[in-house]
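Take a look at the structure set out below.
Read-outs throughout are calculated quantities, based only on the coordinates presented, and are distinct from any laboratory measurement. It should be emphasised that the depicted structure is a prediction, and the values quoted were computed from it without experimental measurement. For neighbour counting, all protein chains shown are included, and Cβ atoms are generated from backbone atoms with ideal geometry for every residue, glycine included.
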Amino acid sequence: MKSRKPAIAISVLIVALGVAWLLNAMNVKPELDWIWIVGLGISGILLLTTTRLDRFNFVAGLSLMVSSVLAALRQSGKVSVNVEAPVLFITVGILLFLSQLLPLPATATPPSEQPPGKDEPPKP
């Protein structure tokens, strides 16, 4: 049976971007570019929830989520780009460090290279 994760992820992404578009159209906090902020955040969440967690997905997913928060702070005037960029740089370094300390696989094994399960016959 095929996984429904990709279809669910696309659905969630479309709904989230639609909500962001509506927030922009309704001028909710007009200084914020909701499509960019929500797009970054939801991309990070989907990366962490729809893929096998490995070191790359850990760093990339959390970096996208932090980027979303930092973009909102910058756009609302709470931080400048001179603060946003180094904080993001430091965050990526910390996440890379944590990815080495945590028991995460180096890379996700593609399904074609995984050994067959008990119920699956070996592929020729």
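Worth pointing out:
- Placing a pseudo-label 7 Å from each Cα along the Cα-to-Cβ vector at VAL12 and LEU48 gives an inter-label distance of 1.1 nm.
- Highest to lowest packing among 40-48, 25-33, scored as the average C-beta count within 10 Å: 40-48, 25-33
- Kirkwood hydrodynamic radius of segment 1-103, from inverse mean 1/r over distinct Cα pairs, in Å: 14.8
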